[in-house]
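Read-outs: derived from the displayed coordinates by stated rules, not from any lab. The model shown is predicted, which means the values in this text are computed figures rather than measured ones. Cβ placement follows ideal geometry from the backbone for every residue including glycine, while neighbour counts extend to all protein chains displayed.
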């Protein structure tokens, strides 16, 4: 599985990479603009990301804006496998407005809040069909 972790906090990137690296290769981006550029490069190479973990609030370009662009690219791409790119939004904002905007407006497949509980991440990945069991099974 190809994974892109997008967060402007180095400790969050390191934590997520440590947890998710057992499932595949983890690349990292510091803001939404870098995420869009890396996703575009992955499409050009014919190896789109399977999972993008996207922080909602970042400098340069927000996670919401980046997710809108990435999901549009995913949905219009003819690259095999692009349709299997899943975006999981990660935020410290735990309110219905941001949840609705992330999932229904921007196109995120799941919305998780910080502090991130590994069990919630696991449930999201199982629900998206990206993993079959728990982290303990890996």
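At a glance:
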item	result
Normalised contact order of region 2-137, rounded percent, pairs of Cα under 8 Å and 6 or more residues apart	20
Nearest-0.05 FRET efficiency for residue 25 and residue 76, computed from C-beta distance (R0 41 Å)	0.95
Least to most buried among 21, 42 (fewest other Cβ within 10 Å first)	21, 42
Translational diffusion of region 2-137, µm² s⁻¹ [Kirkwood Rh, Cα pairs; Stokes-Einstein; 20 °C; 1.002 mPa s]	147
